[in-house]
Amino acid sequence: MKIHNPASGAAIADVPADTSATVRGKYHRARAAQPQWAALPIKKRLAAIAAFRDRLTAMHEALARTLTEEVGKPIRQSRNELTGLAARLDFFLAESQRTLRSETVLADVDNKLEERITHEPLGVVANISAWNYPYFVGSNVFVPALIAGNAVLYKPSEYATLTGLSIAQLLRESGVPEDVFSPVIGDGLAGAAVLRQPVDGVFFTGSFETGRKIAASAGRRMIKVQLELGGKDPIYVCEDVDVKAAAAAVADGAFYNNGQSCCAVERIYVAEAIHDAFVEAFVAEVRAFRLGDPMDEATYIGPLARRGQIAVLRRQVAEARRLGGRVLVGGQPIERRGNWFAPTVVVDADHRMSLMREESFGPVIGIQRVASDEEAVSLMNDTPYGLTAGVYTRAEKRAKRILAEVRTGTVYWNCCDRVSPRLPWSGIGHSGLGLTLSTYGIQAFTRPKAWHLRSA
């Protein structure tokens, strides 16, 4: 399988891909290795993850450059991901032992009865991961899965293959046995081969369509499934904000990582009273973004990771124009080698347009004016997705009232495009099933076992 640099189109590596037979072999070795891994004291499994963290820190710059080279993420943003990963690992290291310890919920001495809950590992889990934040998205799954005593078949995205192989190598060097964490390399065919194995859980990050197929298959097999899917994440900007500050924050939320984030701002609703001023400030921010070589320290906008997404963005912009939208900046691919699309702002947008209803996953944003909080909430909820939503206002009570009415797994007041390891990450509707992160996201990789103990 050839790995290409999305900034130039050049081939940068050629790696062997897994076949159905090699995937089957990795599954059987994982199944055989998992009981011994689970039998280790949790402190030893935690020590391996702590060593992994140390190796990530030591290799920080080399890993960041590999990520930028194969995904196209600007180098400063690649470094940010690795820096943020350290804090996420610290959370798992600090909280896992307490979260996974057995709990005595009844100790009835008179009747010689004890009731206890233990958290047993699922067994062998499949982790089919994403390319846009391979360290964040992957570690949300494989780190707590390993700490809980599971073996993992890890399928990195074909667009982040070299990063996936780096993760596997560092885990091996840190004390995680090779058969306990097995990378599966390839495209969708390799992912399908993983799903054919009799695993005990499937944890997938990707598109709604693929997630729906995985859910149907897992349902027939009665295994655990978690799906982190897409989002059409809205922001509502109220009339009482500092317009320039709000515009800068929301523009960053929309265009960071070239808009290729499940929680990136995908549609903006602005109160009529400040609409024109907000648009002017927002467009100024977007025009100032530096587009160029992702290895350049000054670059903010790099290439799209996937060439096929260019056609999606072109269709959305062309349709918006036909339906009355005005393109104030960008609106077309950039003619150069690689996968480039100009940062694009469309105003006079509305919900007839796929730009406001279907995931863009690129540097394109629509802005719609609204007359009231009630209209904003109605439009924010007019979607099959439910990942994140945010509101910018000076009034705390107003913000909390609005956010309480929005149907999403995560809400933001005066911030956006943010993930905390201390809070559960979950979606509603087409945004997925289950959750990662927080203590709930540690227990997600176990099944509770109920103990009824009566002494003679």
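Just so you know, all these numbers are worked out from the coordinates, no wet-lab data involved. Note that the coordinates shown come from a computational prediction; the quantities given were computed from them, not determined experimentally. Counting neighbours? That spans all protein chains shown, and the Cβs are built from the backbone with ideal geometry, glycine included.
Projected label points at Ala277 and Thr118, each 7 Å from Cα along the beta carbon direction, are separated by 6.4 nanometres. Exposed loop sites here are GluC sites (Glu not before Pro) assigned a DSSP state other than H, G, I, E or B and surrounded by at most 12 other beta carbons within 10 Å; excluding them, the longest clear run of the chain is 1-296. The label-point distance for Tyr440 and Met222, in a model that sets each label 7 Å from Cα toward Cβ, rounds to 2.6 nm. On a 0 to 90° scale, report how tilted helix 243-255 is relative to the longest principal axis of the chain, with both axes built from alpha carbons and the result rounded to the nearest 10. Taking the Cα atoms of the chain, the angle to 243-255 is about 50 degrees.
Between the residues Cys263, Ala399, Ala249, the greatest Cα displacement towards the positive end of the dipole of segment 233-413, with unit charges on the Cβ of Lys, Arg, Asp and Glu, is found for Cys263. Between the alpha-carbon centres of segment 208-287 and segment 94-128 there is a gap of 38 Å. FRET efficiency for the Ala311 to Leu189 pair, using the beta carbon distance and R₀ = 35 Å, is estimated at 0.95.
Its relative contact order, with pairs defined as Cα atoms under 8 Å and 6+ residues apart, puts segment 233-413 at 26 percent. For Ala271, neighbours were defined as the other residues whose beta-carbon sits under 9 Å from its Cβ, and their charges (Lys and Arg +1, Asp and Glu -1) total -3.
Using only Cα atoms and rounding to the nearest 10 degrees, what angle (0 to 90) does helix 75-100 make with the longest principal axis of the chain? For 75-100 against the chain, the angle is about 40 degrees.
As a rough footprinting exposure proxy, the listed residues Ile185, Ile167, Ile365 were ranked by other beta carbons within 10 Å of their own, and the order from fewest upward is Ile185, Ile167, Ile365.
Potential lengthening of the chain between Glu239 and His28 amounts to 70.0 nm, from the contour at 0.36 nm per residue minus the alpha-carbon distance.
How large is the helix-only mean residue ellipticity at 222 nm for the chain, computed as the sum of -39500 (n - 2.57) over DSSP H runs with n ≥ 4, divided by its residue count, in deg cm²/dmol to the nearest 500? After summing the helix terms and dividing by residue count, I get -13500 deg cm²/dmol. The relative contact order of the chain, computed from alpha carbon pairs under 8 Å that lie at least 6 residues apart in sequence, is 19 percent. Here the Debye sum runs over all C-alpha atoms of segment 233-413 as equal scatterers in vacuum, and log10 of I(q)/I(0) at q = 0.08, 0.12, 0.16, 0.18 Å⁻¹ comes out as -0.23, -0.51, -0.92, -1.16.
A cut-off under 9 angstrom between Cβ atoms defines the neighbours of Asp252, and their net charge, with Lys, Arg +1 and Asp, Glu -1, is -2. Relative to the longest principal axis of the Cα atoms of the chain, the long axis of helix 20-39 lies at roughly 60 degrees.
Placing dummy labels 7 Å off each Cα toward the beta-carbon, the span from Asp54 to Arg212 is 4.8 nm. Bridgeable lysines around Lys232 (alpha carbons under 30 Å apart, same-chain partners fewer than 8 residues away excluded): Lys73, Lys155, Lys213, Lys224, Lys244, Lys397, Lys400.
Counted residue by residue at 0.36 nm each, then reduced by the alpha carbon distance between them, the extension gain from Asn80 to Trp451 reaches 129.1 nm. Within the shell defined by Cβ-Cβ distances under 9 Å, the residues around Leu162 carry a net charge of -2, with Lys and Arg each +1 and Asp and Glu each -1.
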